[in-house]
Amino acid sequence: MPGPIQSIERAAAVLRLLARGSGHHGLTEIADSLGLARGTAHGILRTLQRVEFVEQDQATGRYRLGAALLHLGTSYLDANELRSRSINWADTLAARSGQEVRIGMHHDGAVLVVHHVFRPDDSVQTLGIGAMLPLHATALGKVLLAYDPDLSAAARRRELTSLTRRTIVRAQALERVLTEVRAQGWAGEAEEYMPGEASIAAPIRIPGGLVVGAIGISGSADRLCDSTGRPRATLVRQVLQAAEAVTTSLVDEN
Amino acid sequence: MQRFVMAIDQGTTSTRCIVFDQNARLVAVAQREHRQYHPRPGWVEQDAVEIWRNVDRIMPQALRQAGITSDQVVALGITNQRETFVLWDRHTGVPVGRAIVWEDIRTEELVAELEKQPGIEEVRDRCGLPLATYFSAPSLRWMLDNVAGLRAKAERGDVLFGTMDTWLIWNLTGGVNGGLHVTDVTNASRTMLMNLGTRQWDPMLLEFFGVPASMLPEIRPSTEISGTTTRVVPGISITAALGDQHAALFGQTCFEKGSIKGTYGTGGFLLMNTGNELVRSKHGLLTTIGYQIGGEPAYALEGSIAVAGSLVQWFRDNLGLIHSAPEIETLARTVKDNGGCYIVPAFSGLFAPHWLAQARGLVVGLTSYINKGHLARAVLEATGWQTREVVDAMNADLGAPTPVLKVDGGMTADHLLMQFIADVLDIPVQRPLVAETVSLGAAYAAGLAAGYWPDLEGLRRNWHLAARWNPVMDARHREDEYANWKRAVELTFAWARSSPST
């Protein structure tokens, strides 16, 4: 059993201090009140600011509790914000892979498509933003399930709808696949949602590692998978790079 | 050895250097912001030396990022914020004061005076633009009138004038040691000093504004800049220059007569290619040069929406109803319609097609039912209806309806807005895969001039559709809503008339 982590205890103390009294304190006040070196206090405040638990008043430089603390239980990232931050990286992924790109978030027991980029071959396609996809039968959905214990527990209790003859319908089999997804850091699917179609997806994270969505490509199984039916390594790498780029852009601009 | 094309996009807030490959894919981006100076209310200036220093940093940075050497760059294209200009000493290269930015309104009084001068109709006819503070000529005249000794130096040819393309090309090609003093037709077409028909400086216009010809650069077609860099990264051919909105038109491959692009950022800029025909707008649009590749120019009609994304910023910063700009869509989706509420963002008057500087913004249709969701809808819809007004004017001037609107810019991430624009125009709205259409347009023009791409058809093949929004709104509903919007706009005129302070 490891001992308590000092910096987390100190961060908790900073939050308690800001939660009482005036709720507005300068760096020196906070450092002096808690008996911390200014540099240490500053590092803690900067980190808390980054995760939006603390805000700094632009004019006075004083710190207060962040709005994110008030609705910790609700959504941590706005879907439209995610689209806006990821649009260039999704375009790049479509251009590199030659496949259509979707970004999904969990909503109401399904994958909500929050962004969609057409396959760049100028064929007639329909914009799929706002569509709902099944969690258990798509690569996007498997990523969301793999990193959300409540969601995967709920999926285990429900009957898994069969969409093709390859759809995973047994809870145990799904659990095995999700373990694999967590181990490799990405998810694939071939003909489990639609015959002849396949998809590959990877997680989008916010600082600390929390998965807030998934980005992935989909297209014909012939193009996405090799002769053994496994997703092609180059495409997997491109999806992982795009997910990494979006994750970084969420850190940068926060 | 793989070869590439480079673009420098000298924008209002930052300067960027982007490297593209032959498939028009972005290989590297380097960017630096520059300071905005507001020495007095309404004045907006920038330091041209700071901008030049930024170019000095980002060009090598982009090459490093791409992992290539300068001999792999076959051509450099320059695109820039339009109308902004700087004056400098030909012998020292030192600017005379700061650059005056297109947003600067110090010449409001001067413009009102010039408006009363004889020959004003002739001015509009020759340059295609209405007299307004943001074109270069009034600000240039202001400099000549207000800086001691400047006029004499300009007449002797000791002081040079340049929009930002000209300033960068002059510096890149040697500066005081034989730098090229040139500009392209699209940039020249925004000064109010160029004759649209001859595409040369017009003696009547120079006389009207009191500008000595000796200070002006040579006007060249967009793809005949023909310079070679001797500084920063020597040996790169500068083959093209275009104003930013013209570059976006080119980057969107709007090569056919009647094709329109809309760039949605802080403001909204719509340009329609009118082919070889110089169309003089009867519906409040500007006539400009779209681009000139070789002998014949493609003319264009332009309609600008002053306030688009900036209305969302106002909603975020001044009303505090959202934390970030994209959240406007989330808030707008909490309600199913605008609830009868309309916002006309005439913050500093209305631009195309109304041109009413005294109009002021309003929110109408307030009832106890209206909540912040309805206001968010009204904010987004304002950009949609302003687009409709401009596109209607373009269609009327050209006499044929455009079949599609090609869009770019940051606001294209707003799904609800893009759908709304398709709905109110009743045509599909298309977003290309490469969002950087301004830089891409400059790269295209440069690559075309250098033979990197064979022809316009080759460029068109690089354009890929990333998203398309099809209209779904009921026709009756659309026309009812448009009628409401128009009534709201009329009320801003009424306010302008009744206000004693304006």
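The values are calculated or read from the model by the stated rules, or taken from the named source; none is laboratory data. Just so we're clear, the structure is a prediction, and the values are computed from it rather than from any experiment. With ideal geometry, Cβ positions are generated from the backbone for all residues, glycine too; neighbour counts draw on all protein chains shown.
Annotations
- Going through (1) over 16 Å from A:Ile168 (Cβ atoms); (2) at pLDDT 95 or above one by one, A:Leu210 falls short only on (2).
- Every listed requirement among (1) part of a helix (DSSP H, G or I); (2) in contact with a Leu (Cβ under 8 Å, 6 or more places away or on another chain) is met by B:Arg478 save one, (2).
- Failed item, numbered, when B:Ile51 is tested on (1) within 26 Å of B:Leu448 (Cα to Cα); (2) surrounded by 19 or more Cβ atoms within 10 Å (Cβ to Cβ): (1)
- Pairs with Cβ under 6 Å, 6+ apart, first in the range B:15-32 and buried (at least 22 other Cβ atoms within 10 Å of the Cβ), second among the aromatic types (Phe, Trp, Tyr) and assigned to a strand (DSSP E or B): B:Val19/B:Phe4
- Of everything in the range B:399-420 that is away from chain A (no Cβ under 12 Å) and under 20 Å from the mean Cα position of the chain (by Cα), the residue that is farthest from A:Arg85 (Cα to Cα) is B:Leu405.
- Residues located in the range B:375-403, provided they are at pLDDT 95 or above and of a type in the set (Val, Ile, Thr): B:Val379, B:Thr383, B:Thr387, B:Val390, B:Val391
- Scanning the range B:146-192 for residues that are without any contact (Cβ under 8 Å) to a residue 12 or more places away in the chain and either within 30 Å of B:Asp125 (Cβ to Cβ) or touching an Asp or Glu at 6+ places or on another chain (Cβ under 6 Å) (or both) yields a count of 1.
- Looking only at the range B:210-223, residues that are surrounded by fewer than 17 Cβ atoms within 10 Å (Cβ to Cβ) and not in a strand (DSSP E or B) come to 3 in all.
- Of the residues making up the range B:232-268, those that are outside any loop (DSSP other than H, G, I, E, B) and more than 24 Å from B:Thr402 (Cβ to Cβ) are B:Ser237, B:Ile238, B:Thr239, B:Ala240, B:Ala241.
- Screening B:Ala413, B:Ala422 for residues that are at pLDDT below 95 and surrounded by 22 or more Cβ atoms within 10 Å (Cβ to Cβ) leaves exactly one candidate, B:Ala413.
- Odd one out for B:Thr198 among (1) assigned to a loop (DSSP other than H, G, I, E, B); (2) out of contact with any strand residue (DSSP E or B) (no Cβ under 8 Å at 6 or more places or on another chain); (3) touching a residue at least 24 places away in the same chain (Cβ under 8 Å): (3)
- Qualifying position, being within 22 Å of A:Thr248 (Cα to Cα) and hydrophobic (A, V, I, L, M, F, W, C), among A:Leu82, A:Leu27, A:Leu34, A:Leu15: A:Leu82
- Residues of the range A:102-147 satisfying the condition of being among the small types (Gly, Ala, Ser) and away from chain B (no Cβ under 14 Å): A:Gly104, A:Gly109, A:Ala110, A:Ala137, A:Ala139, A:Gly141, A:Ala146
- Residues being surrounded by fewer than 24 Cβ atoms within 10 Å (Cβ to Cβ) and within 14 Å of chain A (Cβ to nearest Cβ) - total across the range B:435-453: 2
- Positions within the range B:51-96 being farther than 19 Å from B:His181 by Cβ, part of a loop (DSSP other than H, G, I, E, B) and out of contact with any Phe, Trp or Tyr (no Cβ under 8 Å at 6 or more places or on another chain), in sequence order: B:Gly67, B:Thr69
- The set of residues in the range B:288-346 being under 18 Å from B:Leu271 (Cβ atoms) and of a type in the set (D, E, K, R) consists of B:Glu296, B:Glu302.
- Boolean, B:Arg190 is of a type outside the set (A, V, I, L, M), within 18 Å of the chain's Cα centre (by Cα) and in the same structural domain as B:Leu87 (by TED's automatic domain parsing): yes
- Residues being assigned to a loop (DSSP other than H, G, I, E, B) and more than 27 Å from A:Ala243 (Cβ to Cβ) - total across the range A:162-185: 4
- Looking at B:Leu242, B:Leu205, just one residue is among the hydrophobic types (A, V, I, L, M, F, W, C) and surrounded by fewer than 24 Cβ atoms within 10 Å (Cβ to Cβ), and that residue is B:Leu205.
- Strands (runs of 3 or more DSSP E) lying entirely in the range B:335-443 (those with 2 or more residues that are in contact with a Cys (Cβ under 8 Å, 6 or more places away or on another chain)): B:362-364
- Scope the range B:454-473; condition part of a loop (DSSP other than H, G, I, E, B) and within 14 Å of chain A (Cβ to nearest Cβ); matching residues: B:Arg461, B:Asn462, B:Trp463, B:His464, B:Asn470, B:Pro471, B:Val472
- Residues that are out of contact with any Asp or Glu (no Cβ under 9 Å at 6 or more places or on another chain) and facing chain B (nearest Cβ under 10 Å), drawn from the range A:56-101: A:Ser75, A:Leu82, A:Ser86, A:Ile87, A:Ala90, A:Asp91, A:Thr92, A:Ala95, A:Arg96, A:Glu100
- Among the conditions (1) over 18 Å from the mean Cα position of the chain (by Cα); (2) surrounded by fewer than 20 Cβ atoms within 10 Å (Cβ to Cβ); (3) within 30 Å of A:Ser123 (Cα to Cα), B:Val363 misses just one, which is (3).
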